[in-house]
Amino acid sequence: MSIAENLKKIKNDLPSDVTLVAVSKTKSNEEILEAYNTGHRVFGENKVQEMTEKWSSLPEDIEWHMIGHVQRNKVKYMAPYVSLVHGVDSLKLLREINKHGRKHSRAIPCLLQMFIAKEDTKFGFDEQELQALLANEELKDFKHVKIMGLMGMATFTDNRDQIRQEFHSLKTMFDALKSVMPEVSILSMGMSGDYDIAIEEGSTMVRIGSSIFGARQ
Ligand SMILES: *Cc1c(COP(=O)(O)O)cnc(C)c1O
């Protein structure tokens with residue numbers, strides 16, 4: 001099937017209140033435009049430099065989401081335009097995003113990345129670290145970041161029960177966060193292999209790449 005057909009099929013299957021981020025990392029401008037021309041506007045990249053090159057050469061009304069791990073020295077390149085930073089995993093990074101948000105007179109929307117997988121390769125806060133971050137007085141001074149919710153990745157495994165448990169625990173953390181920050185609204189969880197489970201467990205935003213664009217090299 002073509003990119004346009006894949007995209008239409010996935011969108012038909014998604015509940016209307018779940019946002020689809022089309023993950024276009026490693027894919028060409030032509031492939032992205034094929035998705036764009038169906039009316040899709042939300043794209044996700046995991047490298048700041050690649051995203052910035054695409055942003056500068058593709059239509060202005062694309063919403064670019066940074067879904068990967070962000071190095072602090074790269075924040076300045078995406079600060080003028082990024083729509084949502086999914087992978088905020090430290091106070092230092094939040095501080096840097098705030099600094100560059102101020103330079104561009106904007107509040108940059110961010111998700112806090114939670115570590116939910118049973119792997120040691122993935123970034124993110126654990127529950128205690130999240131509590132510590134929320135208790136930090138400095139957070140109130142960040143006028144140029146806007147915490148919109150949480151993001152997480154399940155373990156890369158065929159064990160669907162385990163994936164479900166991990167998403168369930170992230171949803172529990174999200175509900176707890178919402179009780180102290182009622183303005184948060186986004187729970188970013190679910191990729192090509194597990195977005196059906198993520199939606200059943202309460203995801204509001206899925207990040208789907210290979211099921212739209214085909215396998216990556
Ligand atoms: C690459 C990536 C995705 C999309 O993965 P697919 O399996 O291709 O859907 C989602 N989230 C993150 C953080 C990624 O890096």
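A DSSP coil position with no more than 16 other Cβ atoms inside 10 Å describes the following trypsin sites (Lys or Arg not before Pro) in region 98-137: R106, K118. Packing order of peptides 57-67, 128-138, highest average first: 57-67, 128-138 (average count of other Cβ atoms within 10 Å over each peptide's residues). Legend: residue pairs K27/K74; K118/K143; K9/K140, Cα-Cα distance threshold 31 Å; pairs beyond threshold, K118/K143; K9/K140.
Across region 3-213, the mean sequence separation of Cα contacts (distance under 8 Å, 6 or more residues apart), normalised by length, yields a relative contact order of 20 percent. Projection of the Cα convex hull of the chain, averaged over all directions and equal to a quarter of that hull's surface, yields 11.8 nm².
Extension gain, D141-D120: 0.36 nm per intervening residue step, less the Cα-Cα distance, totals 4.4 nm. Remark on region 141-217: Rg and Dmax equal 14.0, 43 Å (Cα only). Each peptide in 34-46, 172-184 gets a packing score, the mean of other Cβ atoms within 10 Å over its residues, and the list from highest to lowest is 34-46, 172-184. The percentage of C-alpha pairs in region 1-99 whose separation is greater than 17 Å is 51%.
Kirkwood hydrodynamic radius of region 14-70, from the reciprocal of the average inverse Cα-Cα distance over all distinct pairs: 11.6 Å.
Rule-based calculations on the coordinates, nothing more; no lab input. Quick caveat, the model's predicted, so the values are computed rather than measured. Reconstructed Cβ throughout: ideal geometry from the backbone, glycine too, with neighbour counts over all protein chains shown.
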